[in-house]
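The values are calculated or read from the model by the stated rules, or taken from the named source; none is laboratory data. The structure displayed is predicted, hence computed values, not measured ones. So basically every Cβ, Gly included, is an ideal-geometry build from the backbone, and we count neighbours across all protein chains shown. Accessible surface areas use protein heavy atoms only, side chains included; no ligands, DNA or RNA. Shrake-Rupley method; radii C 1.70, N 1.55, O 1.52, S 1.80 Å.
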Amino acid sequence: MCGIQVLITQTGVNGAKTETYNEIWASLTAANSRRGPDAHNEISVNVGPARIKLGAHVLHLRGPNTQAQPLVAQNTGDILCWNGEVFGGLDIGDRNDGVELLNEMQRQKAIDRHTYIQRTLSKIEGPYAFVYVDYEQQHVWFARDYLGRRSLLTKSMGACAMLVSSVADTADESTMWTEVPAQIIYCVDLNAQTLDEGTTEYSWNYATHGLEMEAKDEQLELPFGRVDQTVDIGPSSDIALDVQLSDLAEFPDICKWQPYIDRLKSELTQAVKTRVDSIPMNGTHARCGVLFSGGVDCMVLAAILTTVLPRDEPIELFNVAFENPRQTKLQAESAIYDVPDRKTGRLGWHELQRIDPHREWRFVECDVPYSQVVEHRAHVQQLLVPACTVMDMSIGVALWFASRGHGTCVTAESRTAYVGQSRVLLLGMGADEQLGGYSRHRSAWEKSGPSALAREIALDVERIATRNLGRDDRVVSDNAKEARFPFLAANVVAFLSNTPIAFKMDMRYPRGVGEKLLLRLLAHHLGLVQASMLAKRAIQFGARTAKMESSQTRGQDTL
């Protein structure tokens with residue numbers, strides 16, 4: 001992982017602006033260095049009429065040794081700042097993926113210097129944000145991956161200067177940072193009159209199978225199709241659905257669902273394995289943890305994780321709870337942190353111990369006093385930029401403290417002060433959008449039936465790239481941890497997009513069963529009986545970061 005910062009200025013920058021740029025650069029260096037504490041380097045180059053300054057801050061997660069950035073191609077002078085993970089499409093082995101990606105770009109450039117960026121990115125799978133300087137053609141390329149799983153922001157400093165960074169600065173509020181839209185790759189021609197005039201966009205698109213369209217090398221085709229909106233009554237149409245299930249062992253017509261359960265297990269296992277195999281060994285320390293509420297999403301990830309990690313490695317389960325002054329007025333002091341996610345988290349931890357008693361499960365209770373929220377609030381708010389709502393803060397605070405991993409490691413015999421060791425954290429983002437986990441999905445079905453539900457799911461999946469993954473990356477990475485999202489692996493998205501709605505959810509069943517039904521059936525298949533029947537609860541309510549001071553604030557209110 002890497003924190004990226006780049007300043008592009010065309011000729012004629014005056015001294016006053018240079019001083020401003022230096023202040024911003026220093027602020028960005030401080031912010032990005034928290035993301036990548038293992039190596040830092042800066043280089044400045046003249047490219048045509050422009051001066052480009054690049055900085056990179058590395059968190060070592062690939063290869064046997066820490067690889068400093070920016071990376072420079074010896075033959076061409078091209079420069080790559082890479083904040084990403086290549087999980088597929090290139091043979092990385094135990095080498096550094098950034099180095100191998102730059103080598104591949106150089107190979108593709110030798111074939112066709114006009115389309116090499118698009119062809120290289122079309123080959124790989126994984127989350128990323130990058131900046132690439134084509135020294136010969138005097139171009140700067142930058143983008144996020146097609147699902148927006150890594151943060152990248154831009155800030156215009158006038159017609160002839162711009163900044164690109166993983167996080168925003170605190171030195172200058174005269175202009176706003178904006179999130180780089182995912183599903184677009186940007187190319188800036190440095191010889192244009194202004195940087196805006198020199199910018200060309202290349203968009204990712206869904207496959208056009210069956211349409212008579214001429215294929216072009218510069219076309220960017222997504223590795224998954226649109227959501228199948230075929231409406232079917234579903235496999236349980238002949239079953240009386242008003243019966244309350246007490247256990248999914250009673251689920252009718254399981255044989256019709258079994259192929260989908262098996263396939264989801266296979267695809268998720270592949271996604272988890274790919275995301276943890278390359279993490280460097282860390283002695284006896286944990287390499288991978290899970291942000292853990294005890295809900296079905298994180299429970300399934302933990303249950304699969306224990307099947308792919310070596311037997312002697314511990315798994316950290318980070319469970320966060322907050323002192324909420326509005327709630328604690330009504331509670332005994334001993335129950336301040338006994339929030340909903342803590343209760344389900346403990347149940348989930350015990351259930352994981354039951355299905356794999358030989359694994360060392362480290363259940364870490366991250367208790368956050370209100371005084372710490374006040375102390376760190378301004379810092380978290382800066383990480384959210386350009387996100388700026390009350391809901392962003394409620395979620396951001398929960399993710400920041402959970403990923404920090406400071407708490408108490410609990411066993412049956414003891415409670416010990418603990419600081420998380422894992423540099424990679426698995427998160428369940430993407431499950432709700434694809435499997436019908438939000439209340440609006442059930443509302444669409446109740447109001448207008450299965451066709452409306454299918455449309456709502458399709459819309460949610462299409463806008464994953466435009467929502468909050470960049471925000472979440474900024475918050476988690478600030479603790480020198482990398483968030484990885486197995487539910488958003490390309491193979492998982494492709495499978496779920498191609499699966500009929502009726503085999504992913506069935507809103508005729510009650511809450512806690514019908515939404516994310518396919519995932520619940522997989523959870524039950526894995527032995528997670530209790531977790532398979534838990535209703536969804538948003539992190540800000542489960543950890544109690546919502547409405548800490550006032551019951552009158554709304555999630556969409558601006559901070």
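With all protein chains present, how much of the accessible area of the chain (probe radius 1.4 Å) comes from carbon and sulfur, to the nearest whole percent?
About 49 percent, which is the carbon plus sulfur part of the accessible surface.
Could you state the per residue volume, in Å³, of the convex hull enclosing the Cα atoms of the stretch 388-534?
146 Å³
Give me the 1.4 Å probe accessible area per residue for the stretch 418-559, excluding ligands and nucleic acids, in Å². Please report the intermediate quantities before stating the final value.
Details: 4710 Å² over 142 residues.
Accessible area per residue: 33 Å².
From the protein chains alone at 1.4 Å, what is the descending order of accessible area for 256, 53, largest first?
Result of the area sort, largest leading: 256, 53.
Considering the convex hull of the alpha carbon atoms of the stretch 130-183, report its projected area averaged over all viewing directions, in nm², one decimal.
Value for the stretch 130-183: 4.4 nm².
Using heavy-atom solvent-accessible surface (probe 1.4 Å) with all chains present, what is the largest-first order of 290, 529? Could the numbers behind the result be given before it?
Numbers: 290 0, 529 55 Å².
From most exposed to least exposed: 529, 290.
Just to be sure I understand the model, the point goes 7 Å from the Cα along the line to the Cβ. What's the resulting residue 91 to residue 229 distance in nm?
Once both label points are built, they end up 4.3 nm from each other.
So how long is each side of the chain along the principal axes, counting just the alpha-carbon atoms, biggest first, in Å?
On the principal axes, the chain reaches 73, 62, 49 Å in Cα extent.
For the pair residue 371/residue 75, report the inter-label distance in nm, with labels modelled 7 Å from Cα in the Cβ direction.
6.2 nm
Can you tell me how the stretch 66-159 classifies by the Cα gyration tensor, rounded, prolate or oblate, using a/c under 1.5 as the rounded cut?
Cα axes put the stretch 66-159 in the rounded bin.
For the stretch 1-107, with the dipole built from +1 on Lys and Arg beta-carbon atoms and -1 on Asp and Glu ones, taken about the Cα centre, which of 103, 58, 4 lies farthest toward the positive end?
So the residue we want is 4.
Evaluated at 20 °C with a viscosity of 1.002 mPa s, what Stokes-Einstein diffusion coefficient in µm²/s does the stretch 326-436 have when Rh comes from the Kirkwood expression over alpha-carbon pairs?
The estimated diffusion coefficient comes to 131 µm²/s.
Separation of the stretch 372-414 and the stretch 260-322 by C-alpha centroid, Å?
The two parts, judged by their Cα centres, are 21 Å apart.
If I take R0 = 45 Å and measure r between the Cβ atoms of residue 535 and residue 170 in this structure, what FRET efficiency does the formula 1/(1 + (r/R0)^6) give, to the nearest 0.05?
FRET efficiency, residue 535 to residue 170: 0.70.
How tilted is helix 97-111 with respect to the longest principal axis of the chain? Cα atoms for both, answer in degrees (0 to 90, nearest 10).
The angle comes out at about 50 degrees.
Rounded to a whole number, what is D in µm²/s for the stretch 478-535 from Stokes-Einstein with the Kirkwood radius over alpha-carbon pairs (25 °C, 0.890 mPa s)?
In µm²/s, the coefficient is 189.
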